[in-house]
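**Student:** Dumping the structure here so I can ask a few things about it.
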Amino acid sequence: MNFFDMLANLEDDDSLHLGRLLVLLSAFVGKVESGSVDGLTKLAKLDFLLRYPVNLERALQIRAGRGSDAKLEDYERKSIESSMVRYRFGPWDFRYRRFLNTLVSKGLVSVTTEGRTIKIQLTDAGKNAADELTRSAEFGTMAHRARLLKRHCDLSATNLMKFIYETFPELASMRAGKPIPQ
């Protein structure tokens, strides 16, 4: 297997994405019993920033006046994985519903609805799994970045969406399937 096949397989492996979402949810829900991320759109927009640290740095420069707290490595700025592909609705990976259903089926998150809003909560098992991930060397930097998102970008879904499109106006004019320029 060559390097490019390995990268493609990693992107197709849901485990990495599920772990990242658990770390993200943990930063936003924390230990609060009734805490939730309200809306799949909010989760997707937050994950866009967590998944693509160059974009997180840009967002932090606007929201917090600095971006260096994201602790980007040189390889993150230059690698092909740092380029976000525009999906049908901007930075929205069509697999989010599958990821969420997988987390529910594993008993790691619960999903309820209030009106038209999906409320995503970590279960006790999800909190334990997220705690383990945040303490691991592999997810430590990601956990740090998720806490930065909580501190500086904990907006309503609507305001977060507006912020994303104001900060990354190129998203609106790009064709689907094309990489978002860094």
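The values are calculated or read from the model by the stated rules, or taken from the named source; none is laboratory data. All figures in this text were calculated on a predicted structure; none of them were measured in a lab. Here Cβ is always computed from backbone atoms with ideal geometry, including for glycine, and neighbour counts include all displayed protein chains.
**Student:** Looking at the range 75-87, which of the residues that are part of a helix (DSSP H, G or I) and in contact with a helix residue (DSSP H, G or I) (Cβ under 9 Å, 6 or more places away or on another chain) is modelled with the highest pLDDT?
**Tutor:** Filtering first and then ranking leaves GLU76.
**Student:** Now a separate question. If only one of VAL29, VAL37 is touching a Gly at 6+ places or on another chain (Cβ under 7 Å), modelled with pLDDT of 85 or more, crowded, with 17+ Cβ neighbours inside 10 Å and more than 22 Å from LEU171 (Cα to Cα), which one is it?
**Tutor:** It is VAL29.
**Student:** All but one of (1) without any contact (Cβ under 8 Å) to a residue 60 or more places away in the chain; (2) surrounded by 22 or more Cβ atoms within 10 Å (Cβ to Cβ) hold for GLN61; state the number of the condition that does not hold.
**Tutor:** Exception for GLN61: condition (2).
**Student:** If you take the residues in the range 88-102 that are assigned to a loop (DSSP other than H, G, I, E, B) and either of a type in the set (Phe, Trp, Tyr) or over 15 Å from the mean Cα position of the chain (by Cα) (or both), which one is modelled with the highest pLDDT?
**Tutor:** PHE94
**Student:** Hey, among ALA143, ALA125, ALA129, which residue is closer than 26 Å to ALA64 by Cβ and modelled with pLDDT of 95 or more?
**Tutor:** Exactly one residue qualifies, and that residue is ALA143.
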